[in-house]
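Trainee: Before we start, here is the structure in question, set down as structure tokens.
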Amino acid sequence: MRIIQLIQKPQLRGAEIFACQLSSHLEKIGHEVLVVTIYKGDAELPFIGRIQHLNRKLSNRFFDYGGWRRFSKIIKDFKPDIIQANASDTLKFAASSKMLFSWNQPLIYRNANKMGDFISSKLKWHLNNFYLSKLAYVISVSKECEKDFIETFSYPQAKISTVEIGVEEKEIGEIPEDLREIFKKGPVLSHIGGFVPEKNHKGLLRIFKNILMNYPESQLFLMGKGRLEEEIKSKVEKMQIKENVHFLGYRNDVLEILHHSQAFVLPSLIEGLPAVILEAMYAETPVVAYNVGGIGEVVTNGETGWLIKKNEENYFCEKVNEILSSNGDLQVRVRNAKNMITGKFLNPSIAKRFLSCYSDVQKS
């Protein structure tokens with residue numbers, strides 16, 4: 001099978017990383033995959049095969065006739081059996097190209113979020129519904145996101161299914177050399193996510209400042225990039241916690257950082273099923289997260305982590321303090337979570353589930 005995976009740009013964000021990991025596993029089992037990026041980016045993507053960069057300007061994201069035409073030319077030359085658009089602007093870009101240049105390969109959309117949380121007007125609903133009309137199938141990241149997709153757009157149940165995100169199996173190393181001195185200062189809490197409103201960095205800082213009252217030597221790692229990063233740095237200065245909060249940007253040693261952290265904290269306001277939670281579980285790191293999107297499908301109180309009702313910051317602090325004091329059934333939950341990941345969420349088995357969806361689409 002020949003497959004095109006369309007991603008927004010070369011960046012180390014969850015959707016792009018997973019699309020590349022998925023592509024690598026599809027190639028390993030004998031399929032030919034071409035990864036296409038729409039916009040310019042500066043990251044080295046984790047894909048062993050061929051990548052084609054369109055290098056389009058982000059300012060043209062709402063109308064890009066030249067980009068849509070170039071994409072149709074790639075399709076004509078590569079002759080894919082399946083095209084998968086992976087989150088963000090990729091649906092709009094691919095659907096527009098398909099409409100204008102009439103290529104007939106089936107288009108699949110990888111739904112990585114609760115789209116209903118982003119539909120704030122009738123105009124947005126009608127626009128998205130128009131793009132969805134060009135799809136052959138939707139593969140959702142979680143059951144909750146699938147349910148939301150069906151309800152938001154009255155989408156046919158027969159044209160959507162859930163395949164969760166996966167984790168790469170690898171040996172986890174020692175503490176990264178450039179972070180060793182920080183790890184020596186005190187317990188480390190790690191967070192991974194783009195600096196966008198839905199990741200709720202401001203709420204995380206309030207939670208962390210509360211934790212510092214009991215554990216003043218605690219350190220907070222913020223991994224990721226985004227448009228709100230400078231605003232969050234300014235907030236850290238005003239809260240006078242600069243010595244305890246560290247902005248790490250994108251990292252290639254995430255599993256090592258997670259493994260040596262005391263907890264992974266994710267008080268997001270909107271999520272699909274973030275790979276970072278699964279990576280934390282694989283790295284045997286306790287997970288504390290708000291119950292949004294599909295998070296409750298993997299984080300189960302008393303079994304695999306600590307699941308908190310959205311915006312209950314005091315309760316979130318209480319559970320992190322519980323972890324830092326080593327009270328409760330900490331190791332039981334960590335072990336259960338690791339077993340769940342290795343049994344169900346490793347990328348080789350996830351890739352086969354995607355392939356099954358592709359085959360069903362081809363047959364239909």
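The values are calculated or read from the model by the stated rules, or taken from the named source; none is laboratory data. Everything numeric here is computed off the predicted structure, so don't read it as measured data. With ideal geometry, Cβ positions are generated from the backbone for all residues, glycine too; neighbour counts draw on all protein chains shown. Areas reflect the complete protein model, heavy atoms only, side chains present, ligands, DNA and RNA absent. Shrake-Rupley method; radii C 1.70, N 1.55, O 1.52, S 1.80 Å.
Trainee: Residue check, ILE323 against (1) at positive phi; (2) buried (at least 16 other Cβ atoms within 10 Å of the Cβ), all met but one. Which one?
Mentor: Of everything listed in (1) at positive phi; (2) buried (at least 16 other Cβ atoms within 10 Å of the Cβ), ILE323 misses just condition (1).
Trainee: Tell me which residues, restricted to segment 15-30, are more than 17 Å from the chain's Cα centre (by Cα) and either open to solvent by 40 Å² or more (accessible area, probe 1.4 Å) or closer than 22 Å to LYS199 by Cβ (or both).
Mentor: GLU27, LYS28, ILE29, GLY30
Trainee: Still on this structure, I have one more. What are the residues in segment 160-180 that are surrounded by fewer than 17 Cβ atoms within 10 Å (Cβ to Cβ) and either of a type in the set (Phe, Trp, Tyr) or over 25 Å from ASN347 (Cβ atoms) (or both), if any?
Mentor: If the condition is that a residue be surrounded by fewer than 17 Cβ atoms within 10 Å (Cβ to Cβ) and either of a type in the set (Phe, Trp, Tyr) or over 25 Å from ASN347 (Cβ atoms) (or both), then GLU177, ASP178, ARG180 are the ones that fit.
Trainee: Moving on to the next point. Please pick out the residue among ALA337, ALA289, ALA351, ALA280 that is outside any loop (DSSP other than H, G, I, E, B), open to solvent by less than 60 Å² (accessible area, probe 1.4 Å) and in contact with a His (Cβ under 6 Å, 6 or more places away or on another chain).
Mentor: One residue alone meets the criteria, ALA351.
Trainee: For ASN301, indicate whether it is at pLDDT 95 or above, open to solvent by 20 Å² or more (accessible area, probe 1.4 Å) and among the polar types (S, T, N, Q).
Mentor: no
Trainee: Among the candidates SER96, SER140, SER72, which residue alone is within 30 Å of VAL292 (Cβ to Cβ), among the hydroxyl-bearing types (Ser, Thr, Tyr) and open to solvent by less than 30 Å² (accessible area, probe 1.4 Å)?
Mentor: SER140
Trainee: For the subset of segment 109-137 comprising residues that are within 20 Å of ILE83 (Cβ to Cβ) and of a type in the set (Gly, Ala, Ser), which member is surrounded by the fewest Cβ atoms within 10 Å (Cβ to Cβ)?
Mentor: SER133
Trainee: Out of everything in segment 308-320 that is open to solvent by 30 Å² or more (accessible area, probe 1.4 Å), in contact with a helix residue (DSSP H, G or I) (Cβ under 8 Å, 6 or more places away or on another chain) and not in a helix (DSSP H, G or I), what residue ends up being nearest to ALA136 (Cα to Cα)?
Mentor: For segment 308-320, the residue satisfying everything is LYS309.
Trainee: Next question. Regarding segment 78-97, can at least one residue be identified that is under 14 Å from VAL33 (Cβ atoms) and aromatic (Phe, Trp, Tyr)?
Mentor: Within segment 78-97, one or more residues are under 14 Å from VAL33 (Cβ atoms) and aromatic (Phe, Trp, Tyr).
Trainee: With the structure loaded, tell me whether LEU12 is modelled with pLDDT of 95 or more and either within 24 Å of GLU164 (Cβ to Cβ) or open to solvent by less than 40 Å² (accessible area, probe 1.4 Å) (or both) or whether it fails that test.
Mentor: no
Trainee: Something else: Any residue in segment 189-209 that is over 28 Å from GLU297 (Cα atoms), of a type in the set (A, V, I, L, M) and buried (at least 17 other Cβ atoms within 10 Å of the Cβ)?
Mentor: no
Trainee: Search segment 202-214 for residues that are touching a residue at least 40 places away in the same chain (Cβ under 8 Å) and pair each with any residue that is open to solvent by 90 Å² or more (accessible area, probe 1.4 Å) when their beta-carbon atoms are under 8 Å apart and the residues are at least 6 apart or on different chains.
Mentor: Hits for this filter: GLY203/ASN311; ASN210/ASN314.
Yes or no, residue by residue, for (1) touching a residue at least 60 places away in the same chain (Cβ under 8 Å); (2) more than 23 Å from the chain's Cα centre (by Cα):
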position	(1), (2)
PHE63	no, yes
SER72	no, yes
ALA85	yes, no
LYS92	no, no
TRP103	no, yes
ILE119	no, no
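Trainee: Please state which one of GLY41, GLY49 is open to solvent by 20 Å² or more (accessible area, probe 1.4 Å), touching a Pro at 6+ places or on another chain (Cβ under 7 Å) and more than 24 Å from ALA136 (Cα to Cα).
Mentor: GLY41
Trainee: Taking the condition modelled with pLDDT under 95 and either at negative phi or touching a helix residue (DSSP H, G or I) at 6+ places or on another chain (Cβ under 8 Å) (or both), does ASN336 pass?
Mentor: no
Trainee: Name every residue in segment 219-264 that is touching a helix residue (DSSP H, G or I) at 6+ places or on another chain (Cβ under 7 Å), of a type in the set (S, T, N, Q) and open to solvent by 10 Å² or more (accessible area, probe 1.4 Å), in order of residue number.
Mentor: Residues satisfying the conditions are ASN244, GLN262.
Trainee: Can you give me the number of residues within segment 143-159 that are in contact (Cβ under 8 Å) with a residue 60 or more places away in the chain and surrounded by fewer than 17 Cβ atoms within 10 Å (Cβ to Cβ)?
Mentor: So the count comes out to 1.
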